[in-house]
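Worksheet: the structure to be examined is printed underneath.
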Amino acid sequence: MVDNGQQDDWRKPLVEYLCNPTGLTDRMIKYRALNFVLMGHELFKKTTEGVLLKCLRENEAYLAVSNVHSGACGAHQAGHKMKWTLMRSRVYWPSMLKDCIEFAKGCQQCQMHGGIQHIPASELHAIVKPWSFRGWDLDVIGEIKPASSKQQRYILVGIDYFTK
């Protein structure tokens, strides 16, 4: 049932237009209302296949997401899978996908038991040198024992950063 007491309910303008289509209404609301049906006191969204999805308000949506994600039969699924499951449960609200992704990201158990991401925190930038030996470094390896056949005791290593 649509609660008229809630000021920020996303369904309110649609319900008001569907109840009184002759009144002054924003053009965008009229366009969006083409995909909605009012049956009794409940608002439903029509899908392209003709399936009716019950429209939920914010607190009902949070309960539905919580139940699908970590309820009795919840499988701690990711955002897109949760949205698909909710659509199969025949419920709808405009920010479904965003809410599902945020809920899954905020789940403490998913963070603890989920896989480790093997990607860097920021984009990697290659260091490009225009020609050989533009960037190079020398390193002295400590004294080697025994000395070489020519009685050399130290190794000097040069590294060219262009070709490695």
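In the structure shown, do any of Lys45/Lys98; Lys12/Lys54; Lys12/Lys105; Lys30/Lys81 have a Cα-Cα gap over 25 Å, and if so which? Exceeds cut-off: Lys12/Lys105; Lys30/Lys81. Between Glu49 and Trp84, the simple label model (points 7 Å from Cα in the Cβ direction) yields a spacing of 1.2 nm.
Among the lysines, select those whose C-alpha is under 17 Å from the C-alpha of Lys145, and discard any that sit fewer than 8 residues away in the same chain. Result set, ordered by chain and number: empty. On the chain, 56 percent of the accessible area sits on carbon and sulfur atoms, based on a 1.4 Å probe.
Between Ile144 and Lys98, the contour length at 0.36 nm per residue exceeds the Cα-Cα span by 10.4 nm.
In units of the compact-protein estimate 2.2 N^0.38 Å, the chain shows a Cα radius of gyration of 2.04. Based on protein heavy atoms only, segment 1-158 ends up with 77 Å² per residue of surface accessible to a 1.4 Å probe. Counting only cysteine Cβ atoms and a cutoff under 4.7 Å, the chain contains unmatched residues Cys19, Cys55, Cys73, Cys100.
The values are calculated or read from the model by the stated rules, or taken from the named source; none is laboratory data. Being a predicted model, the structure only gives us computed values, none of them experimental. Neighbour counts are summed over all protein chains in view; Cβ atoms, including those assigned to glycine, are modelled from backbone coordinates with ideal geometry. To get the accessible areas, we keep the full protein, side chains included, count just its heavy atoms, and leave off ligands, DNA and RNA. Shrake-Rupley method; radii C 1.70, N 1.55, O 1.52, S 1.80 Å.
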